[in-house]
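Below: one structure, written as structure tokens.
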Amino acid sequence: MSATTNNLKKIGLTIGIIVILNLMGHFVFKRFDLTADKRYTLSQTSLKIVSDVKEPLYIDVFLEGNFPGEFKKLQTETQQLLEEFKSQNSNIIFRFINPLSDDEGDNYTKREIIYSLYKLENKVTDSAQAKEIKASIEKVADLNDAVKNSFIGNTMMPVSVTLSDKGKQTQAIVLPWAIATSGDRSVKVPLLKNMMGASTSEKVVSSVQHLEYAFANAINAVTQKNQKKVIIIQGNGELKDRYMADFIKSVKENYFIAPFPLDSINQNPTAGLKYLKKYDLAIIAKPTQAFSDEQKQVLDQYVISGGKTIWLVDQVNMEMDSLYNDTGANLAFPRDLNLNDMFFKYGVRMHPEIIKDLLATPIVLETGEPGSGTQRVQLPWYFSPMIYPPQDSKHPITTNLDAIKFQFASPIELLKNDIKKTVLLQSSQYSKLIGTPAEISLRMASEELGPKDFVGGGNYPVSVLLEGQFHSVYENRILAFKDPAFKNSGKANKMIVISDGDVVKNQLDKNQRAVELGLDQRTGVLYANKEFMMNCVNYLLDDSGLINIRSKEVNIPLLDKQKVIENYTQSQVITVAAPIVILILFGVLFTILRKRKYSK
């Protein structure tokens with residue numbers, strides 16, 4: 001048999017194997033995750049959520065365009081994750097869009113985006129109104145500005161980035177967001193996490209770790225038929241809606257939410273309790289008036305019957321606004337809400353003291369002479385701690401969470417009982433307690449304090465998760481009202497106690513509209529209050545274990561920009577020239593060896 005015939009047989013055999021493998025691949029689909037951190041291996045929770053998608057689900061990703069390397073990495077990781085979702089269920093359809101493209105052919109897509117964002121913000125369902133809105137969008141002259149305003153209107157803030165090309169720098173706008181839509185329901189998906197003081201590379205790494213949870217949560221929100229129900233307790237001086245507007249809006253994206261006037265139960269507490277039990281989670285946000293025994297029994301039996309609760313309670317009467325007076329001072333004193341015995345029974349005790357923390361958020365004050373001599377300066381406000389989770393915390397509520405702003409927070413003491421207690425947030429090691437009554441003055445912002453001023457204290461819990469079988473505060477006590485269904489204890493349950501009501505309070509802009517929760521307009525810093533509160537809600541209402549995906553750790557290697565700039569020529573040689581040289585050498589060597597073999 002000649003050498004030529006032999007070679008032809010080998011080539012034919014190779015082609016045959018490739019054809020067979022391709023045919024097998026057409027009928028048998030299998031993906032292999034060879035990464036060390038298994039970043040492309042979906043969790044069982046995600047797989048279940050994706051498999052339950054029975055109708056087309058569209059995901060529009062706006063991370064498209066000419067980006068720096070870090071955002072390219074985020075774009076790539078997002079695309080690969082969505083491909084993994086799509087490989088599990090063909091009903092998931094995604095596309096990458098550049099909403100700010102200069103191509104005239106994209107104007108139709110831009111109008112689509114504006115309309116989708118308008119619907120997302122205003123929950124448009126009426127067909128006549130929808131037709132009118134579409135007609136008005138057709139008349140918009142500057143579509144790029146309209147797109148940006150639509151994103152901002154949905155608190156989907158654009159990000160400004162610097163592009164470098166051969167020493168020339170230009171500014172570009174990035175929209176790191178996506179929208180998941182199924183039928184008439186849409187939810188927004190954040191792709192880039194805000195992290196105070198972090199570099200873009202660090203934000204991208206943190207964001208990639210968050211991607212699977214963000215998309216799985218969005219898919220679950222738009223496909224689940226039976227929405228969980230959240231109720232906002234009112235009637236005891238709680239925060240008004242406009243101060244919780246951004247939080248309420250965020251909750252509405254995933255859950256049904258409604259108010260409940262607790263003061264109405266004084267006439268018929270049994271009916272009030274029956275109505276309250278229809279809801280899965282009750283939020284009590286910064287009450288300022290004492291609870292009656294009837295109200296306490298209703299809330300207590302709601303907990304015993306399995307209702308989840310988030311308590312945001314101020315044990316000290318002190319407001320930041322009360323300091324902006326002629327003297328710049330006010331008296332902080334204990335606030336009695338008649339809830340101490342309830343919390344004691346559940347396993348915690350909040351002390352009527354104020355935490356003073358060296359790790360503090362800044363306050364902006366005006367100094368100097370009135371008029372042109374006035375200067376605005378930022379000073380640390382030690383009564384507004386910058387709160388982080390404990391260093392050893394791996395809980396999904398606080399994993400990968402940035403700093404949270406508290407205001408006049410009180411310490412929470414953990415008591416011994418059968419309830420499991422997890423400290424979610426605590427003050428820094430350099431913090432101490434101020435007893436009340438005490439005078440608080442803006443002049444305290446100018447104090448020069450250091451670690452030596454905070455010896456012997458620190459690490460005071462300010463948010464605690466309680467899990468277990470709760471016992472009623474009215475166990476072996478006279479009931480406030482007769483309840484035939486009264487129970488001394490119930491099934492396993494969860495609640496979260498936070499010793500500051502301002503954690504959920506958003507600021508208002510000059511037009512009295514709510515700004516994003518966590519944004520301090522005076523300093524321009526965005527804290528993680530919103531993410532923390534939404535994590536609390538999701539954890540308490542999550543029966544599928546979806547929030548546990550947040551604990552997944554992904555290691556993303558990124559190039560060191562400074563080293564690349566310093567060694568630009570060397571980097572080009574390694575990444576571009578070296579592979580070409582290796583290919584040439586391999587070709588030359590292969591040719592020489594082939595000639596030697598067949599010249600004999």
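Remarks
- Protection proxy ranking of 355-365, 48-58, 234-244 - average other beta-carbon atoms within 10 Å, highest first: 355-365, 234-244, 48-58
- Shown are TYR382, TYR118, whose ranking by accessible area with a 1.4 Å probe and every protein chain present, most to least, is TYR118, TYR382.
- What a 1.4 Å probe finds exposed on segment 417-481 is 48% carbon and sulfur by accessible area, rounded to a whole percent.
- In this simple spin-label model, placing a label point 7 Å from the Cα along the Cα-to-Cβ direction at both ASN459 and VAL364 gives a separation of 3.6 nm.
- Percentage of interatomic Cα-Cα distances in segment 430-524 larger than 23 Å: 61
- Spin-label zone in segment 57-88 - amide nitrogen under 11 Å from a point set 7 Å from the Cα of ASN144 along the C-beta vector: none
- For segment 328-416, Kirkwood radius (reciprocal of mean inverse C-alpha pair distance, Å): 16.2
- Relative to the current alpha-carbon distance between LYS274 and GLU413, full extension at 0.36 nm per residue lengthens the span by 46.8 nm.
- Sequence of GLU253, GLU439 when ordered by accessible area, the most exposed leading, probe 1.4 angstrom: GLU439, GLU253
- Share antiparallel - DSSP beta bridges, the chain, percent rounded to 5: 70
- Fraction in percent of alpha-carbon pairs per bin - 10 Å, segment 471-526: 16, 27, 18, 15, 21, 2
- Equivalent ellipsoid semi-axes, segment 366-500, via Cα gyration tensor eigenvalues times 5, rooted, Å: 40, 19, 15
- The mean of 1/r over all pairs of different alpha-carbon atoms in segment 266-409, once inverted, gives a Kirkwood hydrodynamic radius of 18.6 Å.
- Only Cα pairs under 8 Å and 6+ residues apart enter the sum, and on that basis the relative contact order of the chain stands at 13 percent.
- Calculated log₁₀ intensity ratio I(q)/I(0) where the Debye formula runs over C-alpha points of segment 162-262, q = 0.10 Å⁻¹: -0.45
- Percent of C-alpha pairs per 10 Å bin, the chain, short to long: 3, 13, 22, 22, 18, 11, 5, 3, 2, 1, 0
- The trypsin sites (Lys or Arg not before Pro) of segment 452-499 meeting both criteria, a DSSP state outside H, G, I, E and B (loop) and at most 16 other C-beta atoms within 10 angstrom of the site's C-beta, are ARG477, LYS482, LYS487.
- Projected label distance in nm at ILE11 and ASN89, using a 7 Å step from Cα toward the beta-carbon: 4.8
- Whole-number D in µm²/s for segment 504-545 (Stokes-Einstein; Kirkwood sum over Cα pairs; 10 °C, 1.306 mPa s): 137
The values are calculated or read from the model by the stated rules, or taken from the named source; none is laboratory data. Note that this is a predicted model, so its numbers are computed, not measured. Quick reminder, even Gly has a Cβ in these numbers, built from the backbone with ideal geometry, and neighbours come from all protein chains shown. Side chains are part of the model used for accessible areas, which takes the heavy atoms of the whole protein and leaves out ligands, DNA and RNA. Shrake-Rupley method; radii C 1.70, N 1.55, O 1.52, S 1.80 Å.
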